[in-house]
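What follows is one structure encoded as structure tokens, with my remarks underneath.
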Amino acid sequence: MSKTVPVIWPKVFLFGDSITQFSFQANGWGAEIANKLARKCDVINRGLSGYNSRWARIVLPRLLSSQGSACDSIAAVTVFFGANDCALEDKNPQQHVPLSEYLENLKEISRLLTSAGVSSDKVIFITPPPLHEAAWEKECILKGCPLNRLNSTAGQYAQACVRAAAQCGSDVLDLWTLMQKDGQDYTVYLSDGLHLSDKGNQFVAQRLWDLLESRVVHLPVILPYWGDIDASSPETSLLCNN
């Protein structure tokens with residue numbers, strides 16, 4: 001009996017906070033990307049609700065070590081932090097990360113990925129989206145706290161993310177700028193002032209795919225199309241190296 005050839009599935013690794021964690025829900029941007037890459041990649045959701053870049057930097061080596069040698073098959077990584085880092089220090093000190101540290105944390109995340117074999121050209125940074133303060137304030141009040149984020153502050157962190165991406169040699173999806181471009185009503189992209197609505201998820205999926213497609217377009221469909229399988233000897237088709 002011939003030796004069975006293992007099937008290697010390339011991976012797209014989504015690393016971020018709750019906006020990434022929730023992206024596999026119905027109509028989520030992560031689910032849309034996974035659907036586009038069916039039979040080509042495993043899309044791995046490593047979104048960690050409430051996390052900031054400080055905690056992300058600490059935990060990333062553990063996440064990468066759990067992949068083992070599979071890091072070699074990572075086709076792309078998204079790094080999507082900042083919505084928690086930009087929390088106001090006097091209102092939410094637990095999640096707040098100073099702007100300068102946020103920038104350095106993103107660069108350290110890039111360095112850790114590179115040391116694990118994921119080159120910077122495979123990394124796509126994503127900035128925090130804009131914040132609708134009136135809607136988010138209602139959420140804060142329901143939780144018994146005052147408004148703890150500002151759109152202008154989110155913009156500062158978005159700019160820092162753009163700078164980090166440039167310094168690391170990676171692409172960046174600047175949601176904060178794109179969602180407010182030409183004075184459009186960005187609030188339609190948000191469900192509660194901070195997290196994404198269905199329209200916001202669609203926005204992210206479309207723009208991210210524009211950046212991601214070039215990194216995965218060369219990947220073949222894994223295992224043969226059913227019509228190409230030799231029905232009289234399926235092993236010949238199914239156990240070959242493709």
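Counting only protein heavy atoms and using a 1.4 Å probe, the accessible area of Lys138 comes to about 140 Å².
With 18 Å as the limit on Cα-Cα distance, the pairs of Lys11/Lys122; Lys91/Lys181; Lys91/Lys138; Lys143/Lys199; Lys36/Lys107 that go past it are Lys91/Lys181; Lys143/Lys199; Lys36/Lys107.
Between His218, His195, His96, the residue with the greatest mean-square fluctuation in the GNM of the chain (Cα pairs under 10 Å linked by springs) is His218. By the helix-only formula, in which each DSSP H run with n ≥ 4 contributes -39500 (n - 2.57) and the sum is divided by residues, the chain has a 222 nm mean residue ellipticity of -12000 deg cm²/dmol. Share of carbon and sulfur in the accessible area of the chain stands at 53%, probe radius 1.4 Å.
Gyration tensor over the Cα atoms of the range 1-59: the corresponding equivalent ellipsoid has semi-axes (square roots of 5 times the eigenvalues, largest first) of 29, 16, 7 Å.
Taking amide H positions as modeled 1.01 Å from N, with prolines and chain starts lacking one, the residues under 5 Å from Thr78 and 5 or more places away or on another chain are Phe13, Leu14, Phe15, Ile124. Only protein heavy atoms count here; on that basis, with a 1.4 Å probe, Glu213 has an accessible area of about 80 Å². Of the listed residues Lys11, Lys107, the order by accessible area with a 1.4 Å probe, largest first, is Lys107, Lys11.
By a 1.4 Å probe calculation restricted to protein chains, Phe22 has an accessible surface near 80 Å², given to the nearest 10.
Ordered from highest to lowest accessible area with the whole protein assembly present and a 1.4 Å probe, Asp17, Asp72, Asp171, Asp182 read as Asp182, Asp72, Asp171, Asp17. The convex hull defined by the C-alpha atoms of the range 53-158 has an orientation-averaged projected area of 7.2 nm². Based on the Kirkwood approach, the hydrodynamic radius assigned to the range 11-239 is 18.4 Å, with every pair of different Cα atoms included.
Taking the Cα centre of the chain as reference, the dipole from Cβ charges on Lys and Arg (+1) and Asp and Glu (-1) amounts to some 440 debye. Across the chain, Cα pairs under 8 Å and at least six residues apart give a relative contact order of 21 percent. Taking all protein chains into account, the per residue accessible area for the range 11-239 stands at 46 Å² (1.4 Å probe).
The values are calculated or read from the model by the stated rules, or taken from the named source; none is laboratory data. As the structure is a prediction and not an experimental result, all values here were calculated from the model. Heads up, the Cβs are rebuilt from the backbone with ideal geometry, glycines too, and the neighbour counts pull from every protein chain shown. Please note that ligands, DNA and RNA were not included when accessible areas were found on the heavy atoms of the full protein model with its side chains. Shrake-Rupley method; radii C 1.70, N 1.55, O 1.52, S 1.80 Å.
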